[in-house]
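First the structure, in the form of structure tokens, and then the observations on it.
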Amino acid sequence: MSVKIRLGIIGGGGDSLIGILHRVASSMFDKYEIVGGVFNPDWEDNILFAKQLGLHEDRVYKDFDTFITEETKLPTEKRIQVVSVLTPNFLHFPMVNALLRNGFHVICEKPMTTTYKEAKILHATLQKAKTVFAVTYTYTGYPMVRQMREMILNGEIGNVQKIDAQYYQGWINPIIHDKEQRASTWRLNPEKSGISCCIGDIGTHAFNMLEYVSGVKIESILADLNHVYDDNPMDVDGTILLRASNNVRGVICASQIATGEENSFVVKVYGDKAGLKWEQENPNYLYLMEDGKPLQVLKPGHAYNSKLSLDGTKLPPGHPEGIFDSMGNIYKGIARAINKEPYNAGEFPTIIDGIRGMDFIGKAVASHEKENVWVAMD
Ligand SMILES: NC(=O)c1ccc[n+]([C@@H]2O[C@H](COP(=O)([O-])OP(=O)(O)OC[C@H]3O[C@@H](n4cnc5c(N)ncnc54)[C@H](O)[C@@H]3O)[C@@H](O)[C@H]2O)c1
């Protein structure tokens, strides 16, 4: 009998952006087997796609409620164990809440919910459920991001004194300037996306990444957001000043109207001994900057890498790994937690990361709406 973890997927159909990343990531370390799910709300699209994946028709359901009803009727040894929720944002909360209440482990896309209140309800549900929950801040799976975290944790750059993340994309630029298109994309619809577009979608990655790598906790923020047009209810650009623990200051700049930018996510942490810089579009290079010394470029797979970084490197040095590998590393950590094997706390983002992300989004919008005032995070 297969010892692989039985995985279900909700959303992430053939028409989606993120589905392929999760399917490849789940297969990477031979830990999971995709068993069934609901890939599209439309039955024809749903079943056609499931057949392409080679799934049995009896484990593909017409909708989420049927998924829960039918899966929970199955004996434990057959039932799907963990479910990846890859739908638009507004469906995360009701789906994850129901999955946890029915005993499933859950992997949820970010942002975890559409409100901070929903995030706290999920936390309470999870505490009762006692299953494994992860939110996929994908970029934390990169070996050189993990290297950065561990070098900072080990004091290699001294005391952290400045944090800085810039996440620039340009994809919404043509959409935002077209009245019809900006009214029809789900990401600019508060009912489907939540209260923020840019900060909710990518600012939250930057926030999570800064806390993940630097170890400091962001305590208060001041945001200035841009909707570009008065009839657009959502931000598509923002600059957020940060005050963090230990008197650390910083900034997050996020934009979806940075014309021509693709996925330019740059993370910088400066200590009193050295600085570290990592760029998502060139993820196998970590730059170590020290006063009076030549720039050093650290790469994955070497004896000098940390254990956590090496754990996420599958091939010898010089074989570039990318975003699929990063998500694969997160899935590997989740598999260890589900199988009750030891794992490092940095292997996958948890409900606390999800809650802090939602607090950050809510407070950024509140700061902006109050005409740019400092707002404390919980
Ligand atoms: N981690 C990352 O870096 C990252 C990157 C992109 C997107 N995301 C997140 O992933 C989620 C999905 O984003 P996307 O870009 O793939 O969206 P998308 O619009 O491209 O795809 C959404 C998918 O969900 C399906 N779906 C919609 N309603 C459904 C329902 N009721 N039941 C079952 N399936 C349903 C659609 O058919 C489609 O296949 C969002 O929360 C987004 O924020 C995360």
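The values are calculated or read from the model by the stated rules, or taken from the named source; none is laboratory data. Since we're looking at a predicted model, the values are computed, not measured. Neighbour counts are summed over all protein chains in view; Cβ atoms, including those assigned to glycine, are modelled from backbone coordinates with ideal geometry. Ligands, DNA and RNA are stripped out before the accessible areas are found, and what is left, the full protein with its side chains, is counted by its heavy atoms. Shrake-Rupley method; radii C 1.70, N 1.55, O 1.52, S 1.80 Å.
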Residue identified as open to solvent by 10 Å² or more (accessible area, probe 1.4 Å) and modelled with pLDDT under 95 among ASP237, ASP231: ASP231
Residue in the range 183-217 that is nearest to ALA244 (Cα to Cα), counting only those that are within 12 Å of the ligand (Cβ to nearest atom) and basic (Lys, Arg): ARG187
The lone exception for ARG146 - which of (1) away from the ligand (no atom under 16 Å from the Cβ); (2) out of contact with any helix residue (DSSP H, G or I) (no Cβ under 6 Å at 6 or more places or on another chain) it fails: (2)
Matching residues in the range 267-290 - criterion: being touching a residue at least 12 places away in the same chain (Cβ under 8 Å), under 18 Å from ASP164 (Cβ atoms) and assigned to a loop (DSSP other than H, G, I, E, B): ASP272, LYS273, GLN280, GLU281, PRO283, TYR285
Selected residue (criterion: nearest to ILE338 (Cα to Cα)) from residues of the range 1-44 that are open to solvent by 80 Å² or more (accessible area, probe 1.4 Å) and within 7 Å of the ligand (Cβ to nearest atom): LEU17
